[in-house]
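A.B. asks: Pasting in a structure now, in structure tokens, and then I'll have a few things to ask.
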Amino acid sequence: MFSLRDKRRKKFQTVNQIGEELKYDYAVGRGSKLFLVKDDDVYLIDMEDEKFVK
């Protein structure tokens, strides 16, 4: 992912609540929110929330 604010690329790994890699079909972003879609499930990551982004 590329940060327009920092003008830097940010790399992160998506995992579920038990630490397994989260595989998704596609992603959509709006503001600081990133929505990951897999079948009928939608996962939300707030890129400004420090507990989700390290």
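A.B. asks: Which numbered condition trips up V53, out of (1) part of a loop (DSSP other than H, G, I, E, B); (2) at pLDDT 85 or above; (3) not basic (K, R)?
C.D. replies: (2)
A.B. asks: Go through segment 5-37 and give me each residue that's under 17 Å from M47 (Cα atoms), charged (D, E, K, R) and in contact with a Ser or Thr (Cβ under 9 Å, 6 or more places away or on another chain).
C.D. replies: Those that are under 17 Å from M47 (Cα atoms), charged (D, E, K, R) and in contact with a Ser or Thr (Cβ under 9 Å, 6 or more places away or on another chain): R9, K10.
A.B. asks: Give me the residue from segment 1-43 that is surrounded by 10 or more Cβ atoms within 10 Å (Cβ to Cβ) and of a type in the set (G, A, S) and, out of that set, modelled with the highest pLDDT.
C.D. replies: Among residues in segment 1-43 that are surrounded by 10 or more Cβ atoms within 10 Å (Cβ to Cβ) and of a type in the set (G, A, S), the one modelled with the highest pLDDT is A27.
The values are calculated or read from the model by the stated rules, or taken from the named source; none is laboratory data. A quick note: this is a predicted structure, and the numbers were derived from the prediction, not measured. Cβ atoms come from the backbone with ideal geometry, glycine included; neighbour counts cover every protein chain shown.
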